[in-house]
Amino acid sequence: MQYDKFNTFNVKIEGAIAWVTFDYPPVNIQGLPMLADLDILAQKLEADRAVKVVVFQSANPEIFVAHADTNFLKDMSAKAVSRDEAKLLDLQRVLERISKVPQATIAKIEGFARGGGHEFALACDMRFAARGRAKFMQMEVGMGILPCGGGASRMARQTGLGRALEIILGARDFDADQAEAYGTVNKALNPDEIGPYVEALAKRISLWPAESINACKQAVYESIDKPIDEALTAEAYWLYQATSQTPALKRFKWADDNGAQFDMENQRKWEELVVGAQDVT
């Protein structure tokens, strides 16, 4: 799969990891060119099982992804519509597509991520932020609108209702440590730690079968939106999608043959054993 000819970012493939680096001077604005690039990227990722992890980062040391381009925001309709007439915005559609790619997606945030840039990060599976560099904000309420790239929808899923409303209605900057406390990022890390941490995590995830990564991801996402009985059914469905496409059963036999279950020494080193199981194909 070729990942070139993008205008707002570049893609470097290393093993089973795609490193996507936003590079759209001067501020990585989230305009129509970036949305078009992300749409094409998602299309390629949907068809690619060689890539298992996608890491999004920025070439700009101060900005991850800036807010949505005010040039198309200012041309929005000023006419109210009914719920039946409401259609997804391009920003909503593209970020939802990114959220559903079969790969694990990681946002490595080392600069500003405000408005649509923050919403892009929320559409990724995991987020890590650099202390002293990352800043987040949803400023839409002060402009007379609301977060409309999935922010109002995804924020509460990450933080709970009260904190989501604090972030959205407060319309103020918060840093990496506050984001970790809110739950909008997985972890706040020192600037010299974030690179090695994200790289190590991406490499570890890339060891696992692509179909298993996707099944885990889809089951977790479905659990958010469904009642528990439906979520459990979805979990079972994705289990069998995985076992039908991976060497799972062979690996369980390997684990049994090698005493992974009842040997206490093996119980102490499952973190290593699961890596060794990747040799069973």
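The values are calculated or read from the model by the stated rules, or taken from the named source; none is laboratory data. Here the structure is a predicted model, which is why all the values come from computation and not from measurement. Here Cβ is always computed from backbone atoms with ideal geometry, including for glycine, and neighbour counts include all displayed protein chains.
Among the numbered conditions (1) among the small types (Gly, Ala, Ser); (2) closer than 24 Å to residue 205 by Cα; (3) touching a residue at least 40 places away in the same chain (Cβ under 8 Å), the only one that residue 123 does not meet is (3).
Residue check: residue 215 meets all listed conditions (1) small (Gly, Ala, Ser); (2) within 15 Å of residue 242 (Cα to Cα); (3) not assigned by TED's automatic domain parsing to the domain that holds residue 239 but one, namely (3). Look at the stretch 256-281: where a residue is in contact (Cβ under 8 Å) with a residue 12 or more places away in the chain and a partner is hydrophobic (A, V, I, L, M, F, W, C) and assigned to a loop (DSSP other than H, G, I, E, B), sitting 6+ places away or on another chain with Cβ atoms under 8 Å, you get 273/260; 275/207; 278/207; 278/208.
Taking the stretch 193-227 as the range and being farther than 18 Å from residue 155 by Cα and either basic (Lys, Arg) or outside any helix (DSSP H, G or I) (or both) as the test, the residues that pass are 203, 204, 206, 207, 208, 209, 217, 227.
Residue 133: of a type in the set (D, E, K, R), assigned by TED's automatic domain parsing to the domain that holds residue 187 and surrounded by fewer than 24 Cβ atoms within 10 Å (Cβ to Cβ), yes or no? Yes, satisfied.
Which ranges mark the helices (runs of 4 or more DSSP H) fully within the stretch 228-281 that have 2 or more residues being more than 26 Å from the chain's Cα centre (by Cα) and not acidic (Asp, Glu)? If you could, list the steps in order and put the result at the bottom.
Numbers: elements: 228-243, 248-257, 264-267, 270-276.
Correct list: 248-257, 264-267, 270-276.
Taking the stretch 179-192 as the search range and keeping residues that are in contact (Cβ under 8 Å) with a residue 40 or more places away in the chain and part of a helix (DSSP H, G or I), which one is surrounded by the fewest Cβ atoms within 10 Å (Cβ to Cβ)? So, considering only residues that are in contact (Cβ under 8 Å) with a residue 40 or more places away in the chain and part of a helix (DSSP H, G or I), the one surrounded by the fewest Cβ atoms within 10 Å (Cβ to Cβ) is 191.
In the stretch 167-175, the count of residues that are of a type in the set (D, E, K, R) and assigned to a loop (DSSP other than H, G, I, E, B) is one or more.
What is the residue count in the stretch 159-173 for residues that are surrounded by fewer than 18 Cβ atoms within 10 Å (Cβ to Cβ) and either under 20 Å from residue 116 (Cα atoms) or touching a residue at least 12 places away in the same chain (Cβ under 8 Å) (or both)? I'd like the intermediate steps shown before the answer.
Restricting attention to the stretch 159-173, the residues satisfying the condition of being surrounded by fewer than 18 Cβ atoms within 10 Å (Cβ to Cβ) are 160-163, 165-166, 169-173.
Remaining after also requiring either under 20 Å from residue 116 (Cα atoms) or touching a residue at least 12 places away in the same chain (Cβ under 8 Å) (or both): 160-161, 163, 165-166, 169-173.
Total meeting the criteria: 10.
Residue 195 fulfils the conditions (1) in contact (Cβ under 8 Å) with a residue 60 or more places away in the chain; (2) on the phi > 0 side of the Ramachandran plot except for a single criterion, (2). Here the stretch 211-265 is the region considered, the condition is being over 30 Å from residue 50 (Cβ atoms) and of a type in the set (Val, Ile, Thr), and the residue that is surrounded by the most Cβ atoms within 10 Å (Cβ to Cβ) is 233.
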